[in-house]
Amino acid sequence: MEPALSSALHSTVELSVSCRQLKNTDLLSKSDPLVSLDVKNRLGQWESFGRTERIKNNLNPDFAKSFQVPYMFEEVQVLRFRVYDIDNVSDRLDDDDFLGEVSFNLGELMGARGQTLHKSLGVKRGFLIVKAEEVAACREQVCLRFSGTKIENKDGWFGKSDPFLTISRLREDGSFQKVHQTEVIKNSATPNWKEFTVPLQKLCNGDHHRPLLIQCYDWDDDGSSDFIGEFQTSVAQLATSQPQEFMAVNGAAKAKNKKYSHSGLIHLQKCQIMIVPTFLDYIRGGCELNLIAAVDFTGSNGDPRHPQSLHFWNPQQPNEYARSLQALAEILLNYDADGNIPAYGFGAVVPPLGPGTYHCFPLNLNPSNPEVSGVTGLMQAYFNCLQVVSLSGPTVFSQVIQNAMSLASQYQTQAAQKYFVLLIITDGVINDMDDTVRNIVQAADLPLSIVIVGVGSADFSGMVTLDGDDGRLRDRTGRMAARDIVQFVAFREYGAANWAKLATDTLAEIPSQLVSSMLQRGLVPNPPVPPPQFIPTAAPTVDATATVTATATGHEGSAPPSY
C-alpha cells in the first residue's frame, strides 16, 4: 500500500536506492539488507510507503525495486529510509536486525547536484545513496527473453558458472542505475533465462534510445558475485529483430590480452513492446466491478445486545462493520450496472436455515437469491441478520473465498468482462489459514481481488501475511500466486471519522489488479460502449426520492438508520 502524500500532485519522481559499507550483523555470512520507506503525513505521523527487495549476503547492495513518489515543490515532504537485515520469513520488521536509518526532505534530494544524496546511516553503520529522476508518462511495457552460450567458467574445474543478468539504464548524470535482475541459472554455460515483462518507464523512462547496460555475473552464495562481461544496447536496438547476439565483454580481460574476444554470448530471443491498457479502458469497454460482501459473526465479536460488542447497533454511532460496508460499497457500486451485491455472513448459527454453524450463509437469509440491492439493501440485510443469528465459530474464510471463486469463474471470456471484489470484514485470527492461503493462490488466476478489513483490537499479524506486498503468496505445496490479490487494513488505524481514507487505502490497488488479471488471461478492453441517448420525458409529478422502502433485501425488517 502506498499512501498518497497529497491530492495536489504536480509530478512523480522515481527514487532508486543503494547502500555502501553496511554493518554486518551475521556471524557466518553477510547481512541480507532490505530498505523500507516511510513518509510523514500532514499530521506529523509516519506512514509506510513501501519496501525494496531483500538482497542476500551483500553489504553494498544496489536495489532493483524503486519507489515512485509524488513530488510537490511547495510542500515539505519528509522521507525516512530504514535498513534492516532480514533473516526470517516474517513480514514484520521489528524482529529483524536494524542496520540504520536516515530522514530528509524530498526537496533536498531534488535540489541536490545530480539529484543524488549520500547519507550516513549512523556511526559505523554505512551509507544510503538515493537518486531521483522524474517519471515520464508511458503506457508501454516490453517482454524480453535472453539465453546465453559459451559463458565463461568462474567456478573452477568442478563446476560451471551460475550466471544471471542485470539490466541498468543510463541516468542523466552519466551513471547507470540497475532496474532489473534475472534469476540465477545454476551450473550452466548455456543458460536460458525466464521471459520477463518490465514497464518501459522503469526500463528506460519511456525513451527507446536511452542506453542500457546489460551485465552478466556468476552468482556466489557469499554475495561476492564475479563479473563475467557486459554490453550496451537500447530498447530501439533490441526491437529491430530477434534473435540477436551480443558479446559479453570484460574490459579488464580485454586490456590484458590482445587475443581476447569475449566472455560469453548473450542471445536475445524475444523483444515485444506492448501498449498497456488502463483500468478506464476496460471500464469504457463495459467491464463491471462487482462487490461481494462477507461479515464475520463469530463469538469473539461479543453479544450484539451489549454496547461492548463489535456488532452493537447504535443509531447515532454506527459500528465498525457498518462503516466499512458503507464506505467501500459506495465507491464500488459506481462501476456496477445493476447495483446488486451478493452478501454473506460466516461463523454463526442461523436457526432459519437449520442447525449447526454456517461458514457461508446469505446475509438476507435467502439461499435462492443472496443478492441485496445497493447500500441500503446491504445495511438492511446486515441489521436484520443481527436479530436472528447466534454468534458462534471458528473463524473460517475458505468457504467464503470458494463461493467468490465460483462467481468469478463464470466470467472468463472476452465478451463477458466482470471483475469481482470480495470484501471480508473480520475481528480476529483465521482458524483455517492453510486452506485460506491455498484458495487465495488459486483465486489469483480468476478475475477477483480480496479486501480484508480488520475491526476491533485483535492481533492481525496473520492477515498481513496474506497481503502480498512483500512477495507473492505461496501455499504449502510451494505453488506461488500468479499475482497479488489481497489487501488488508486495520480499521483502528483510521479512527471513527476517517471513512474516506479507509476506502482510499483499501481500494487503491484494485485498478492495477483488474488490469493485471485481464492481461494475464489475454483479455483486452472491448470497444467503448456508446453513451445512452437523451430521450425527453415529461417532468415527474412526485418526488421520486420520497418513495424509499425497507424491503430492498427481499424480506421485511426494521429499517437500519441512514448515515
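The values are calculated or read from the model by the stated rules, or taken from the named source; none is laboratory data. This one's a predicted model, so the numbers in the text were calculated from it and none came from an experiment. Ideal geometry is used to build each Cβ from the backbone, glycine not excepted, and the neighbour counts take in all protein chains shown. Note: accessible area is taken over every heavy atom of the protein model, side chains too, but ligands, DNA and RNA are not part of it. Shrake-Rupley method; radii C 1.70, N 1.55, O 1.52, S 1.80 Å.
Annotations for the structure displayed:
- Taking the range 440-467 as the range and being outside any helix (DSSP H, G or I) and closer than 17 Å to Q513 by Cβ as the test, the residues that pass are A444, D445, L446, P447, L448, S449, I450, V451, I452, V453, D467.
- If you go through the range 142-165 and keep only what is of a type in the set (S, T, N, Q) and either touching a Cys at 6+ places or on another chain (Cβ under 6 Å) or buried (at least 19 other Cβ atoms within 10 Å of the Cβ) (or both), you end up with just S161.
- Among the residues of the range 429-472, the ones that are touching a residue at least 60 places away in the same chain (Cβ under 8 Å), open to solvent by 10 Å² or more (accessible area, probe 1.4 Å) and among the small types (G, A, S) come to 3 in all.
- In the range 258-286, the residues that are on the phi > 0 side of the Ramachandran plot reach residues that are polar (S, T, N, Q) and open to solvent by less than 40 Å² (accessible area, probe 1.4 Å) with C-beta atoms within less than 7 angstrom, at least six apart or across chains, in these pairs: G286/Q417; G286/N526.
- Check on E230, on the phi < 0 side of the Ramachandran plot, assigned to a strand (DSSP E or B) and loosely packed, with under 13 Cβ neighbours inside 10 Å: no
- Some residue of the range 161-169 being more than 24 Å from P61 (Cα to Cα), small (G, A, S) and in a strand (DSSP E or B): no
- Any chance G374 is at pLDDT below 95, of a type outside the set (V, I, T) and within 28 Å of G285 (Cα to Cα): yes
- Matching strands (runs of 3 or more DSSP E) fully within the range 235-300 where at least 2 residues are surrounded by fewer than 14 Cβ atoms within 10 Å (Cβ to Cβ): 265-275
- A count restricted to the range 333-347 and to residues that are modelled with pLDDT of 95 or more and among the hydrophobic types (A, V, I, L, M, F, W, C) stands at 3.
- Inside the range 20-69, residues that are in a strand (DSSP E or B), among the polar types (S, T, N, Q), closer than 18 Å to D95 by Cα and open to solvent by 20 Å² or more (accessible area, probe 1.4 Å) make up a count of 1.
- Answer residue from the range 170-197, given it is open to solvent by 50 Å² or more (accessible area, probe 1.4 Å) and outside any loop (DSSP other than H, G, I, E, B) and is nearest to S263 (Cα to Cα) among those: N192
- Within the range 224-267, tally of residues that are over 30 Å from D32 (Cα atoms) and not polar (S, T, N, Q): 18
- Test result for V130, under 30 Å from F98 (Cβ atoms), of a type in the set (V, I, T) and not in a loop (DSSP other than H, G, I, E, B): yes
- Condition check for F73 on (1) open to solvent by less than 60 Å² (accessible area, probe 1.4 Å); (2) closer than 27 Å to G174 by Cα; (3) aromatic (F, W, Y): one failure, at (1).
- Tally, over the range 372-402, of residues that are within 23 Å of A327 (Cβ to Cβ) and under 29 Å from the mean Cα position of the chain (by Cα): 7
- Within the range 510-523, residues that are within 17 Å of I452 (Cα to Cα) have Cβ atoms under 7 Å from residues that are of a type in the set (A, V, I, L, M) and open to solvent by less than 50 Å² (accessible area, probe 1.4 Å) in these pairs: I510/V421; Q513/I485, counting only partners at least 6 apart in sequence or on another chain.
- The condition of being at pLDDT 95 or above and under 30 Å from I430 (Cβ atoms) holds for only one of F312, F297, that being F297.
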